[in-house]
Amino acid sequence: MKRFRSFLNFKVSIVLIAIAFVLYINHTDLLFAKETKHEPLLLSHRGAHPDYVLTSDEINGCSEIQLANTEPASIENTIPAIRAAYEAGAEIVEVDLQQTRDGNFVAFRDWNLDCRTNGTGPIWDYTTEELKQLDIGYGYQLEGDNTYPFRGDGVGLIPTLEEILNNFPEERLLLHIQSRSTSDGERLANILESLSTEQLQTLIVTGSHATITYINERFPSVQIMTKEEYQEFSTPTDRSGWSTFRSFD
């Protein structure tokens, strides 16, 4: 009887060890999971640019700018503004992206060109080359004055997404898809597929539900968030155009 009990205990022990081994192999992430806590990042919205008062016309997709000053002397959503932000200590920069008539993405906040440029109408009516001919500093008026200090300085400065990615391959970027085209996800994926795994991991994409869902399916390593989550995780600082930003996995 004692031999039988010993044999039974031995078999039970073997079974328990086998179960524990299977759990270990298949669920090591659960057994050793640790809570991930991200330190807040210093985020620059659209790069370093002067303080301004913004008057938005949501219906017409246009926002008028009254500059409070002219320093730093860079126009938002441009390569110089993004570079200046990193040099000023930004750990991540948000860029607004609109789709063009020829299917590219360019960095620009409004979908209507009337307020900020010397162009007119929707940005999606223009090709990338046509947008490069516009002066995107044309509409920046100095508050309390009738001068336009950036007029003439913004010709050719509207950057494509590819230009931004090529200029800042190792920096963290938040790609804010402002356009609402049904092809946004596919168009963006066509650009991202040429990037290395390392560069993909530096990106966060926010936009419509359809766009971020498409990107998540194609590129699981790219962090996505809804626009509501983006607002929730951003806390404005006392510096205009800067926030602390908590990302998540």
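Nothing in this text is a laboratory measurement; each read-out follows from the coordinates by a stated rule. Quantities reported herein were computed from a predicted structural model and do not represent experimental measurements. In this analysis, Cβ positions are derived from the backbone assuming ideal geometry, glycine residues included, and neighbour counts consider all displayed protein chains.
Numbers for the structure displayed
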{"read-out": "Low-density loop cleavage sites - chymotrypsin sites (Phe, Trp or Tyr not before Pro) in region 195-249, where at most 15 other Cβ are within 10 Å (DSSP)", "value": "PHE248"}
{"read-out": "Label-to-label distance, nm, for residues given as ASP238 and THR226 (7 Å Cα→Cβ offset)", "value": "3.4"}
{"read-out": "From phi via Karplus (6.51, -1.76, 1.60), per-residue ³J(HN,Hα) for region 166-178 in Hz, x at Gly/Pro", "value": "6, 7, 10, x, 10, 8, 7, 10, 10, 8, 9, 7, 8"}
{"read-out": "Cα gyration tensor category, rounded, prolate or oblate, for region 80-120 with a/c compared to 1.5", "value": "prolate"}
{"read-out": "Efficiency of FRET between ALA73 and THR213 - r from beta-carbon atoms, R0 35 angstrom, step 0.05", "value": "0.30"}
{"read-out": "Potential extension, TYR148-LYS132 segment - 0.36 nm per residue separation minus Cα distance", "value": "3.8 nm"}
{"read-out": "Enclosed volume per residue, in Å³, of the convex hull spanned by Cα atoms of region 35-245", "value": "123"}
